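K.L.:
Questions regarding the structure given below will be posed in turn.
The values are calculated or read from the model by the stated rules, or taken from the named source; none is laboratory data. What you see is a predicted model; the values in this text were computed from it and never measured. So basically every Cβ, Gly included, is an ideal-geometry build from the backbone, and we count neighbours across all protein chains shown. SASA here: full protein model, heavy atoms, side chains in, ligands and nucleic acids out. Shrake-Rupley method; radii C 1.70, N 1.55, O 1.52, S 1.80 Å.
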Amino acid sequence: MTNHETPSGHAFAHAPMANCPFMPVFGPPSIMFERGRGTELWDTDGKRYLDFLAGIAVVSLGHANPTVAEAVGDQLDRLLHVSNFFANPVATEAAVRVNDLLHDASGQRGQLFFTNSGAESNECAIKLARKFGGRGRHTVVSALGSFHGRTLATLAATGQPAKHEPFAPMPEGFRHVAWGDLDAMRAAVDGSVAAVLIESVQGEGGVHPATTDYLQGVRQLCDETGALMIVDEIQTGFARTGRWFGFEHADVSPDVVTLAKAMGNGMPVGACWARLDVAAAFEPGDHGSTYSGTPIATSAVNAVIDEMQRIDAPAVAERQGRRIVDALGGVPGVVDVRGRGLMLGVELAPGIDAAAVYRDLLDRGLIVNAVTPSTLRLVPPITVTDAEIDEAVGLIAGALADRVGNSAGPVQEELL
Ligand SMILES: Cc1ncc(COP(=O)(O)O)c(C=O)c1O
(Lines give C-alpha, C1' and ligand atoms only; values in the text may rest on other atoms or scores of the structure.)
Protein backbone atom coordinates (compact mmCIF):
# COMPACT_ATOMS: atom_id res chain seq x y z
CA MET A 1 0.00 0.00 0.00
CA THR A 2 2.78 2.41 0.93
CA ASN A 3 4.06 2.82 -2.65
CA HIS A 4 0.66 4.28 -3.57
CA GLU A 5 0.65 6.81 -0.77
CA THR A 6 1.74 10.41 -1.15
CA PRO A 7 3.84 11.78 1.74
CA SER A 8 0.85 13.85 2.89
CA GLY A 9 -1.20 10.67 3.37
CA HIS A 10 -3.72 11.98 0.86
CA ALA A 11 -3.58 8.71 -1.02
CA PHE A 12 -3.90 8.65 -4.80
CA ALA A 13 -5.13 12.24 -5.08
CA HIS A 14 -2.10 13.43 -6.99
CA ALA A 15 -1.02 10.13 -8.51
CA PRO A 16 -1.95 8.87 -11.99
CA MET A 17 -5.09 6.72 -11.74
CA ALA A 18 -3.17 3.70 -13.09
CA ASN A 19 -1.05 3.74 -9.91
CA CYS A 20 -4.12 3.21 -7.77
CA PRO A 21 -4.64 -0.47 -6.88
CA PHE A 22 -8.45 -0.16 -7.01
CA MET A 23 -10.69 -0.18 -10.07
CA PRO A 24 -11.62 3.40 -10.89
CA VAL A 25 -15.30 3.13 -9.94
CA PHE A 26 -15.22 5.66 -7.12
CA GLY A 27 -12.71 8.17 -8.48
CA PRO A 28 -9.39 8.54 -6.69
CA PRO A 29 -9.90 8.55 -2.88
CA SER A 30 -8.40 11.73 -1.45
CA ILE A 31 -8.07 10.83 2.23
CA MET A 32 -6.76 7.72 3.92
CA PHE A 33 -8.29 6.96 7.32
CA GLU A 34 -6.50 4.73 9.76
CA ARG A 35 -8.39 5.02 13.04
CA GLY A 36 -11.82 5.79 14.44
CA ARG A 37 -13.61 6.03 17.77
CA GLY A 38 -17.30 6.91 18.13
CA THR A 39 -18.07 9.78 15.74
CA GLU A 40 -14.38 10.66 15.28
CA LEU A 41 -11.96 9.54 12.55
CA TRP A 42 -8.25 10.26 12.11
CA ASP A 43 -6.40 10.24 8.80
CA THR A 44 -2.81 9.15 8.24
CA ASP A 45 -1.62 12.73 8.94
CA GLY A 46 -3.28 12.59 12.35
CA LYS A 47 -5.97 15.08 11.32
CA ARG A 48 -9.27 14.58 13.19
CA TYR A 49 -12.66 14.51 11.47
CA LEU A 50 -16.22 14.32 12.73
CA ASP A 51 -17.94 11.57 10.76
CA PHE A 52 -21.54 12.58 10.00
CA LEU A 53 -21.72 10.01 7.20
CA ALA A 54 -20.87 6.92 9.31
CA GLY A 55 -19.72 4.86 6.31
CA ILE A 56 -23.07 5.76 4.68
CA ALA A 57 -25.36 4.89 7.58
CA VAL A 58 -23.40 1.78 8.51
CA VAL A 59 -21.47 2.58 11.70
CA SER A 60 -24.59 3.49 13.67
CA LEU A 61 -23.02 2.61 17.01
CA GLY A 62 -19.86 4.55 16.23
CA HIS A 63 -16.41 3.51 15.06
CA ALA A 64 -14.63 0.84 17.12
CA ASN A 65 -17.72 0.31 19.23
CA PRO A 66 -16.40 -1.65 22.27
CA THR A 67 -19.39 -4.03 22.51
CA VAL A 68 -19.15 -5.00 18.85
CA ALA A 69 -15.34 -5.18 18.95
CA GLU A 70 -15.39 -7.48 21.97
CA ALA A 71 -18.03 -9.80 20.47
CA VAL A 72 -16.22 -10.07 17.13
CA GLY A 73 -12.83 -10.46 18.85
CA ASP A 74 -14.10 -13.30 21.05
CA GLN A 75 -15.67 -14.99 18.04
CA LEU A 76 -12.38 -14.75 16.10
CA ASP A 77 -10.80 -16.99 18.73
CA ARG A 78 -13.65 -19.50 18.64
CA LEU A 79 -15.05 -20.11 15.13
CA LEU A 80 -15.14 -18.10 11.89
CA HIS A 81 -16.87 -20.28 9.37
CA VAL A 82 -18.40 -23.75 8.97
CA SER A 83 -20.49 -23.59 5.72
CA ASN A 84 -24.25 -23.80 5.43
CA PHE A 85 -24.21 -27.61 5.59
CA PHE A 86 -24.13 -27.08 9.37
CA ALA A 87 -25.81 -24.78 11.87
CA ASN A 88 -23.94 -22.57 14.31
CA PRO A 89 -25.32 -21.10 17.53
CA VAL A 90 -24.26 -17.51 16.80
CA ALA A 91 -26.14 -17.19 13.49
CA THR A 92 -29.11 -19.05 14.96
CA GLU A 93 -29.32 -16.58 17.85
CA ALA A 94 -28.98 -13.62 15.46
CA ALA A 95 -31.69 -14.98 13.14
CA VAL A 96 -34.11 -15.50 16.04
CA ARG A 97 -33.43 -11.98 17.33
CA VAL A 98 -33.83 -10.27 13.94
CA ASN A 99 -37.02 -12.29 13.32
CA ASP A 100 -38.28 -11.15 16.73
CA LEU A 101 -37.57 -7.50 15.93
CA LEU A 102 -39.45 -7.81 12.64
CA HIS A 103 -42.27 -9.69 14.33
CA ASP A 104 -42.64 -6.85 16.84
CA ALA A 105 -42.54 -4.26 14.03
CA SER A 106 -44.78 -5.99 11.47
CA GLY A 107 -47.00 -8.21 13.62
CA GLN A 108 -46.01 -11.20 11.46
CA ARG A 109 -43.81 -14.18 12.04
CA GLY A 110 -41.15 -14.80 9.42
CA GLN A 111 -37.84 -16.33 8.43
CA LEU A 112 -34.66 -14.81 7.06
CA PHE A 113 -31.67 -15.49 4.86
CA PHE A 114 -28.38 -13.82 5.88
CA THR A 115 -26.44 -12.03 3.13
CA ASN A 116 -23.15 -10.13 2.85
CA SER A 117 -24.46 -6.82 1.46
CA GLY A 118 -27.55 -4.80 0.67
CA ALA A 119 -27.58 -5.75 -2.99
CA GLU A 120 -27.55 -9.44 -2.06
CA SER A 121 -30.48 -8.89 0.31
CA ASN A 122 -32.48 -7.36 -2.55
CA GLU A 123 -31.36 -10.09 -4.98
CA CYS A 124 -32.72 -12.66 -2.56
CA ALA A 125 -35.99 -10.71 -2.23
CA ILE A 126 -36.41 -10.45 -6.02
CA LYS A 127 -35.77 -14.18 -6.49
CA LEU A 128 -38.16 -15.00 -3.66
CA ALA A 129 -40.90 -12.78 -5.14
CA ARG A 130 -40.49 -14.45 -8.54
CA LYS A 131 -40.66 -17.92 -7.00
CA PHE A 132 -43.68 -16.98 -4.88
CA GLY A 133 -45.41 -15.33 -7.84
CA GLY A 134 -44.91 -18.29 -10.15
CA ARG A 135 -44.68 -18.31 -13.92
CA GLY A 136 -46.08 -15.23 -15.66
CA ARG A 137 -45.78 -13.18 -12.50
CA HIS A 138 -42.21 -11.96 -12.31
CA THR A 139 -42.18 -8.16 -12.75
CA VAL A 140 -40.84 -5.93 -9.98
CA VAL A 141 -42.10 -2.34 -9.77
CA SER A 142 -39.94 0.26 -8.02
CA ALA A 143 -39.77 4.04 -7.82
CA LEU A 144 -37.79 6.53 -9.86
CA GLY A 145 -35.01 7.99 -7.72
CA SER A 146 -34.70 4.74 -5.77
CA PHE A 147 -31.46 2.90 -5.07
CA HIS A 148 -31.45 -0.86 -4.58
CA GLY A 149 -27.90 -1.99 -5.39
CA ARG A 150 -25.28 -2.56 -8.08
CA THR A 151 -25.71 -6.20 -9.11
CA LEU A 152 -27.48 -6.52 -12.46
CA ALA A 153 -30.93 -7.30 -11.04
CA THR A 154 -30.77 -4.73 -8.24
CA LEU A 155 -29.39 -2.15 -10.68
CA ALA A 156 -32.35 -2.92 -12.96
CA ALA A 157 -34.64 -2.33 -9.97
CA THR A 158 -32.86 0.94 -9.14
CA GLY A 159 -34.91 3.82 -10.56
CA GLN A 160 -32.01 5.73 -12.09
CA PRO A 161 -31.96 5.14 -15.87
CA ALA A 162 -28.57 6.85 -16.32
CA LYS A 163 -26.97 4.12 -14.19
CA HIS A 164 -28.49 1.40 -16.46
CA GLU A 165 -27.31 2.84 -19.74
CA PRO A 166 -23.63 1.66 -19.73
CA PHE A 167 -24.70 -1.91 -18.90
CA ALA A 168 -27.62 -2.38 -21.28
CA PRO A 169 -29.43 -4.59 -21.89
CA MET A 170 -30.77 -4.77 -18.35
CA PRO A 171 -32.40 -7.99 -17.10
CA GLU A 172 -36.05 -8.13 -18.10
CA GLY A 173 -38.95 -7.68 -15.67
CA PHE A 174 -38.43 -4.30 -13.99
CA ARG A 175 -40.74 -1.29 -14.17
CA HIS A 176 -40.33 2.19 -12.65
CA VAL A 177 -42.90 4.73 -11.57
CA ALA A 178 -42.75 8.28 -10.18
CA TRP A 179 -41.92 8.35 -6.46
CA GLY A 180 -44.81 9.20 -4.18
CA ASP A 181 -47.40 8.94 -6.98
CA LEU A 182 -50.00 6.33 -6.05
CA ASP A 183 -51.90 6.68 -9.32
CA ALA A 184 -48.74 5.90 -11.27
CA MET A 185 -48.14 2.90 -9.03
CA ARG A 186 -51.73 1.74 -9.52
CA ALA A 187 -51.34 1.96 -13.30
CA ALA A 188 -48.11 -0.10 -13.18
CA VAL A 189 -49.20 -2.94 -10.89
CA ASP A 190 -51.10 -5.54 -12.91
CA GLY A 191 -51.36 -9.33 -12.76
CA SER A 192 -47.80 -9.74 -14.08
CA VAL A 193 -46.31 -7.98 -11.06
CA ALA A 194 -44.66 -10.19 -8.44
CA ALA A 195 -43.67 -7.37 -6.10
CA VAL A 196 -43.39 -3.70 -5.38
CA LEU A 197 -39.91 -2.85 -4.05
CA ILE A 198 -39.86 0.41 -2.12
CA GLU A 199 -37.71 2.38 0.36
CA SER A 200 -39.38 3.89 3.42
CA VAL A 201 -37.06 6.89 2.97
CA GLN A 202 -35.29 7.32 -0.37
CA GLY A 203 -31.68 7.80 0.75
CA GLU A 204 -29.46 7.97 -2.32
CA GLY A 205 -32.29 9.75 -4.15
CA GLY A 206 -31.94 12.78 -1.86
CA VAL A 207 -33.44 11.82 1.55
CA HIS A 208 -37.15 11.81 0.71
CA PRO A 209 -39.40 10.10 3.29
CA ALA A 210 -42.40 8.19 1.96
CA THR A 211 -45.62 9.61 3.39
CA THR A 212 -47.91 7.43 5.46
CA ASP A 213 -50.60 7.65 2.76
CA TYR A 214 -48.15 6.49 0.11
CA LEU A 215 -46.91 3.42 1.99
CA GLN A 216 -50.43 2.52 3.12
CA GLY A 217 -51.66 2.96 -0.47
CA VAL A 218 -48.92 0.64 -1.75
CA ARG A 219 -49.88 -1.90 0.91
CA GLN A 220 -53.53 -1.77 -0.14
CA LEU A 221 -52.62 -2.08 -3.83
CA CYS A 222 -50.48 -5.12 -3.09
CA ASP A 223 -53.35 -6.68 -1.15
CA GLU A 224 -55.73 -6.05 -4.04
CA THR A 225 -53.44 -7.44 -6.74
CA GLY A 226 -51.57 -10.18 -4.87
CA ALA A 227 -48.19 -8.53 -5.43
CA LEU A 228 -45.73 -8.70 -2.53
CA MET A 229 -44.70 -5.51 -0.73
CA ILE A 230 -40.93 -5.57 -0.31
CA VAL A 231 -39.58 -2.72 1.82
CA ASP A 232 -35.89 -1.96 1.32
CA GLU A 233 -34.71 -1.03 4.84
CA ILE A 234 -31.04 -1.35 3.97
CA GLN A 235 -30.30 2.28 4.82
CA THR A 236 -33.24 3.00 7.13
CA GLY A 237 -33.29 -0.19 9.21
CA PHE A 238 -31.87 -0.72 12.69
CA ALA A 239 -33.01 2.47 14.42
CA ARG A 240 -31.72 5.05 11.91
CA THR A 241 -35.09 6.79 11.44
CA GLY A 242 -36.17 6.80 15.09
CA ARG A 243 -37.91 3.40 14.85
CA TRP A 244 -36.32 -0.01 14.45
CA PHE A 245 -37.56 0.00 10.83
CA GLY A 246 -38.70 2.91 8.69
CA PHE A 247 -41.99 1.27 7.64
CA GLU A 248 -43.18 1.49 11.26
CA HIS A 249 -43.72 5.25 10.79
CA ALA A 250 -46.53 4.41 8.34
CA ASP A 251 -47.93 1.54 10.41
CA VAL A 252 -47.77 -0.91 7.50
CA SER A 253 -46.82 -4.56 7.52
CA PRO A 254 -44.54 -5.56 4.61
CA ASP A 255 -44.35 -9.10 3.20
CA VAL A 256 -40.58 -8.93 2.73
CA VAL A 257 -37.96 -6.65 4.33
CA THR A 258 -34.34 -6.27 3.22
CA LEU A 259 -31.56 -5.22 5.60
CA ALA A 260 -27.78 -4.61 5.73
CA LYS A 261 -25.64 -1.58 6.70
CA ALA A 262 -26.21 -0.81 10.41
CA MET A 263 -27.00 -4.45 11.16
CA GLY A 264 -23.28 -5.27 11.55
CA ASN A 265 -21.93 -1.80 12.44
CA GLY A 266 -19.31 -2.28 9.71
CA MET A 267 -19.16 -6.06 9.63
CA PRO A 268 -20.42 -7.02 6.13
CA VAL A 269 -23.79 -8.64 6.85
CA GLY A 270 -27.36 -8.21 5.69
CA ALA A 271 -30.60 -10.17 5.54
CA CYS A 272 -33.70 -10.80 3.50
CA TRP A 273 -36.68 -11.46 5.79
CA ALA A 274 -40.11 -12.68 4.63
CA ARG A 275 -43.35 -13.59 6.36
CA LEU A 276 -43.60 -17.33 6.88
CA ASP A 277 -45.80 -18.35 3.94
CA VAL A 278 -43.74 -16.24 1.53
CA ALA A 279 -40.44 -17.64 2.83
CA ALA A 280 -41.90 -21.12 2.28
CA ALA A 281 -41.76 -20.55 -1.50
CA PHE A 282 -38.01 -21.23 -1.34
CA GLU A 283 -36.96 -24.89 -1.42
CA PRO A 284 -33.54 -26.44 -0.82
CA GLY A 285 -31.26 -25.49 -3.71
CA ASP A 286 -33.15 -22.32 -4.65
CA HIS A 287 -30.73 -19.89 -3.05
CA GLY A 288 -27.46 -19.79 -1.13
CA SER A 289 -24.19 -18.02 -0.43
CA THR A 290 -20.91 -19.39 0.95
CA TYR A 291 -20.76 -16.67 3.59
CA SER A 292 -24.45 -16.59 4.56
CA GLY A 293 -24.66 -16.38 8.35
CA THR A 294 -21.03 -16.92 9.28
CA PRO A 295 -20.43 -16.93 13.04
CA ILE A 296 -18.06 -13.97 12.68
CA ALA A 297 -20.54 -11.73 10.84
CA THR A 298 -23.50 -12.70 12.98
CA SER A 299 -21.56 -12.17 16.22
CA ALA A 300 -21.62 -8.50 15.22
CA VAL A 301 -25.39 -8.65 14.63
CA ASN A 302 -25.98 -9.99 18.16
CA ALA A 303 -23.74 -7.29 19.65
CA VAL A 304 -25.48 -4.55 17.63
CA ILE A 305 -28.90 -5.69 18.86
CA ASP A 306 -27.62 -5.91 22.47
CA GLU A 307 -26.21 -2.40 22.32
CA MET A 308 -29.11 -0.83 20.41
CA GLN A 309 -31.58 -2.29 22.91
CA ARG A 310 -29.44 -1.17 25.85
CA ILE A 311 -29.29 2.46 24.73
CA ASP A 312 -32.81 2.44 23.17
CA ALA A 313 -31.28 3.45 19.84
CA PRO A 314 -34.56 4.38 18.11
CA ALA A 315 -35.37 6.93 20.85
CA VAL A 316 -31.82 8.32 20.78
CA ALA A 317 -31.94 8.69 16.97
CA GLU A 318 -35.24 10.55 17.26
CA ARG A 319 -33.92 12.90 19.96
CA GLN A 320 -30.56 13.64 18.33
CA GLY A 321 -32.19 14.11 14.91
CA ARG A 322 -34.48 16.71 16.43
CA ARG A 323 -31.46 18.47 17.98
CA ILE A 324 -29.75 18.72 14.57
CA VAL A 325 -32.91 20.01 12.86
CA ASP A 326 -33.43 22.64 15.57
CA ALA A 327 -29.80 23.78 15.40
CA LEU A 328 -29.71 23.96 11.59
CA GLY A 329 -32.94 25.98 11.67
CA GLY A 330 -30.96 29.12 12.47
CA VAL A 331 -28.21 28.63 9.90
CA PRO A 332 -28.23 31.03 6.91
CA GLY A 333 -27.97 29.14 3.63
CA VAL A 334 -30.08 26.21 4.83
CA VAL A 335 -33.61 26.40 3.41
CA ASP A 336 -35.01 23.03 4.40
CA VAL A 337 -34.13 20.08 6.62
CA ARG A 338 -36.06 16.92 5.82
CA GLY A 339 -35.87 13.30 6.89
CA ARG A 340 -36.58 11.13 9.86
CA GLY A 341 -34.58 10.57 13.03
CA LEU A 342 -30.88 10.70 12.17
CA MET A 343 -31.36 10.40 8.40
CA LEU A 344 -31.42 14.01 7.28
CA GLY A 345 -31.26 15.89 4.00
CA VAL A 346 -30.12 19.50 4.31
CA GLU A 347 -31.40 21.54 1.35
CA LEU A 348 -29.15 24.49 0.56
CA ALA A 349 -30.27 27.88 -0.73
CA PRO A 350 -30.48 28.24 -4.52
CA GLY A 351 -27.06 28.83 -6.06
CA ILE A 352 -25.10 27.02 -3.33
CA ASP A 353 -23.33 23.96 -4.73
CA ALA A 354 -23.60 21.04 -2.31
CA ALA A 355 -20.50 19.33 -3.76
CA ALA A 356 -18.40 22.46 -3.09
CA VAL A 357 -19.76 22.66 0.47
CA TYR A 358 -18.96 18.98 0.96
CA ARG A 359 -15.31 19.58 -0.06
CA ASP A 360 -15.07 22.68 2.13
CA LEU A 361 -16.47 20.74 5.10
CA LEU A 362 -13.95 17.98 4.52
CA ASP A 363 -11.15 20.57 4.76
CA ARG A 364 -12.73 21.84 7.98
CA GLY A 365 -12.89 18.29 9.37
CA LEU A 366 -16.54 17.30 8.90
CA ILE A 367 -17.63 14.34 6.76
CA VAL A 368 -21.07 14.51 5.13
CA ASN A 369 -21.99 13.84 1.51
CA ALA A 370 -23.66 15.72 -1.33
CA VAL A 371 -26.52 13.45 -2.25
CA THR A 372 -27.93 15.82 -4.89
CA PRO A 373 -26.47 19.05 -6.35
CA SER A 374 -28.31 21.01 -3.64
CA THR A 375 -28.64 18.53 -0.75
CA LEU A 376 -26.21 17.42 1.95
CA ARG A 377 -26.97 14.12 3.65
CA LEU A 378 -26.30 13.74 7.38
CA VAL A 379 -26.39 10.20 8.80
CA PRO A 380 -24.09 10.37 11.84
CA PRO A 381 -23.67 7.52 14.32
CA ILE A 382 -26.72 7.28 16.58
CA THR A 383 -24.24 7.59 19.45
CA VAL A 384 -23.31 11.13 18.33
CA THR A 385 -23.02 13.44 21.36
CA ASP A 386 -24.67 16.84 21.89
CA ALA A 387 -21.24 18.51 21.76
CA GLU A 388 -20.44 16.79 18.43
CA ILE A 389 -23.75 17.97 16.98
CA ASP A 390 -23.03 21.53 18.08
CA GLU A 391 -19.52 21.32 16.60
CA ALA A 392 -20.83 19.96 13.26
CA VAL A 393 -23.54 22.61 13.01
CA GLY A 394 -20.89 25.26 13.67
CA LEU A 395 -18.73 23.86 10.87
CA ILE A 396 -21.69 23.80 8.45
CA ALA A 397 -22.58 27.38 9.39
CA GLY A 398 -18.95 28.40 8.78
CA ALA A 399 -18.83 26.72 5.36
CA LEU A 400 -22.12 28.33 4.32
CA ALA A 401 -21.38 31.80 5.70
CA ASP A 402 -19.20 32.81 2.72
CA ARG A 403 -21.69 31.48 0.21
CA VAL A 404 -24.94 32.93 1.48
CA GLY A 405 -26.55 35.54 -0.74
CA ASN A 406 -29.85 37.24 -0.17
CA SER A 407 -31.61 34.22 -1.65
CA ALA A 408 -31.56 32.19 1.56
CA GLY A 409 -35.17 31.94 2.71
CA PRO A 410 -36.51 30.79 6.05
CA VAL A 411 -36.01 27.19 7.04
CA GLN A 412 -38.93 24.84 6.56
CA GLU A 413 -38.67 21.87 8.85
CA GLU A 414 -39.98 18.63 7.46
CA LEU A 415 -39.04 16.12 10.10
CA LEU A 416 -41.84 13.70 9.43
C1 LIG B 1 -31.71 1.60 0.11
C2 LIG B 1 -30.50 0.83 -0.34
N3 LIG B 1 -30.65 -0.37 -0.90
C4 LIG B 1 -29.60 -1.11 -1.32
C5 LIG B 1 -28.31 -0.65 -1.18
C6 LIG B 1 -27.15 -1.50 -1.66
O7 LIG B 1 -26.41 -1.92 -0.57
P8 LIG B 1 -24.90 -2.49 -0.79
O9 LIG B 1 -24.08 -1.34 -1.25
O10 LIG B 1 -24.51 -3.00 0.56
O11 LIG B 1 -24.99 -3.56 -1.81
C12 LIG B 1 -28.10 0.60 -0.60
C13 LIG B 1 -26.73 1.15 -0.47
O14 LIG B 1 -26.52 2.33 -0.34
C15 LIG B 1 -29.21 1.37 -0.17
O16 LIG B 1 -29.07 2.57 0.40
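K.L.:
Looking at (1) surrounded by fewer than 15 Cβ atoms within 10 Å (Cβ to Cβ); (2) farther than 22 Å from LYS127 by Cβ, which one does PRO169 not meet, given that it meets all the others?
P.N.:
(2)
K.L.:
Another question about this same structure. Got a sec? Which strands (runs of 3 or more DSSP E) wholly within region 311-392 have at least 2 residues that are touching a His at 6+ places or on another chain (Cβ under 9 Å)?
P.N.:
On the way: elements: 334-340, 343-348, 369-372, 375-378.
Output list reads 334-340.
K.L.:
State which residue pairs qualify: first residue free of Cβ contacts under 8 Å to residues at least 60 places away in the same chain and inside region 41-52, second residue in a loop (DSSP other than H, G, I, E, B) and among the small types (Gly, Ala, Ser) in any location, beta carbons under 6 Å apart, and separation of 6 or more residues or different chains.
P.N.:
Filtered contacts from region 41-52: ASP43/GLY9; THR44/GLY9; ASP45/GLY9.
K.L.:
Now a separate question. Within region 280-310, work out how many residues are farther than 19 Å from ASN88 by Cα, in a helix (DSSP H, G or I) and among the hydrophobic types (A, V, I, L, M, F, W, C).
P.N.:
1
K.L.:
Still on this model: Right, ARG150: out of contact with any strand residue (DSSP E or B) (no Cβ under 7 Å at 6 or more places or on another chain), of a type in the set (Lys, Arg) and within 12 Å of the ligand (Cβ to nearest atom) or not? Please lay out each step first, then the result.
P.N.:
Working: out of contact with any strand residue (DSSP E or B) (no Cβ under 7 Å at 6 or more places or on another chain): yes; of a type in the set (Lys, Arg): yes; within 12 Å of the ligand (Cβ to nearest atom): yes.
For ARG150, the condition - out of contact with any strand residue (DSSP E or B) (no Cβ under 7 Å at 6 or more places or on another chain), of a type in the set (Lys, Arg) and within 12 Å of the ligand (Cβ to nearest atom) - is met.
K.L.:
Still on this model: Looking only at region 209-235, filter to residues that are within 12 Å of the ligand (Cβ to nearest atom) and either of a type outside the set (A, V, I, L, M) or within 13 Å of the chain's Cα centre (by Cα) (or both); which one of those is farthest from ASP277 (Cα to Cα)?
P.N.:
For region 209-235, the residue satisfying everything is GLN235.
K.L.:
Could I ask something else about it? Name the pairs: first residue in region 211-223 and among the charged types (D, E, K, R), second residue modelled with pLDDT of 95 or more, Cβ to Cβ under 7 Å, at least 6 apart or on different chains?
P.N.:
As it stands, the answer is ARG219/MET229; ARG219/VAL252, since those pairs meet every condition given.
K.L.:
While we're looking at this one, here's another question. Output the qualifying pairs, or none if there are none: Cβ atoms under 8 angstrom, residues six or more apart or on different chains, first residue in region 141-170 and without any contact (Cβ under 8 Å) to a residue 12 or more places away in the chain, second residue open to solvent by 50 Å² or more (accessible area, probe 1.4 Å) and within 8 Å of the ligand (Cβ to nearest atom).
P.N.:
Pairs found: none.
K.L.:
Another question, if that's okay. Restricted to region 254-268, and to residues that are farther than 18 Å from MET308 by Cβ and open to solvent by less than 10 Å² (accessible area, probe 1.4 Å), which residue is nearest to the ligand (Cβ to nearest atom)? Reasoning before the result, please.
P.N.:
As a first pass, look at region 254-268 and keep what is farther than 18 Å from MET308 by Cβ: 254-256, 258, 268.
Okay, now just the ones that are also open to solvent by less than 10 Å² (accessible area, probe 1.4 Å), so 254-256, 258.
On the way: PRO254: 14, ASP255: 17, VAL256: 13, THR258: 7 Å.
Checking each candidate, the answer is THR258.
K.L.:
I'm trying to understand the selection: among the residues of region 123-148, which are within 15 Å of HIS176 (Cβ to Cβ) and in a helix (DSSP H, G or I)? Don't jump to the end; show me each part of the working.
P.N.:
Filtering region 123-148 for residues within 15 Å of HIS176 (Cβ to Cβ) gives 126, 139-148.
The answer is ILE126, and nothing else.
K.L.:
So which residues in region 124-140 are more than 15 Å from VAL278 (Cα to Cα) and within 16 Å of the ligand (Cβ to nearest atom), if there are any at all?
P.N.:
If the condition is that a residue be more than 15 Å from VAL278 (Cα to Cα) and within 16 Å of the ligand (Cβ to nearest atom), then VAL140 is the only one that fits.
K.L.:
In region 183-227, what count of residues is obtained for those that are among the hydrophobic types (A, V, I, L, M, F, W, C) and open to solvent by 40 Å² or more (accessible area, probe 1.4 Å)? Talk me through it step by step, then tell me what you get.
P.N.:
Step one: of region 183-227, the residues among the hydrophobic types (A, V, I, L, M, F, W, C) are 184-185, 187-189, 193-198, 201, 207, 210, 215, 218, 221-222, 227.
Filter again for open to solvent by 40 Å² or more (accessible area, probe 1.4 Å), leaving 187.
Counting residues in region 183-227 that are among the hydrophobic types (A, V, I, L, M, F, W, C) and open to solvent by 40 Å² or more (accessible area, probe 1.4 Å) gives 1.
K.L.:
Right, next: Considering only residues that are touching a Pro at 6+ places or on another chain (Cβ under 7 Å) and within 30 Å of ILE311 (Cα to Cα), which ones fall in region 219-243? Before you say what the answer is, go through the steps one by one.
P.N.:
First, the residues of region 219-243 that are touching a Pro at 6+ places or on another chain (Cβ under 7 Å): 229-231, 239, 242-243.
If the condition is that a residue be touching a Pro at 6+ places or on another chain (Cβ under 7 Å) and within 30 Å of ILE311 (Cα to Cα), then ILE230, VAL231, ALA239, GLY242, ARG243 are the ones that fit.
K.L.:
Quick check on GLY134: is it surrounded by 13 or more Cβ atoms within 10 Å (Cβ to Cβ), in contact with a strand residue (DSSP E or B) (Cβ under 9 Å, 6 or more places away or on another chain) and either modelled with pLDDT of 95 or more or farther than 23 Å from ALA195 by Cβ (or both)? Talk me through it step by step, then tell me what you get.
P.N.:
Working: surrounded by 13 or more Cβ atoms within 10 Å (Cβ to Cβ): no; in contact with a strand residue (DSSP E or B) (Cβ under 9 Å, 6 or more places away or on another chain): yes; either modelled with pLDDT of 95 or more or farther than 23 Å from ALA195 by Cβ (or both): yes.
Spelling it out, it is not the case that GLY134 is surrounded by 13 or more Cβ atoms within 10 Å (Cβ to Cβ), in contact with a strand residue (DSSP E or B) (Cβ under 9 Å, 6 or more places away or on another chain) and either modelled with pLDDT of 95 or more or farther than 23 Å from ALA195 by Cβ (or both).
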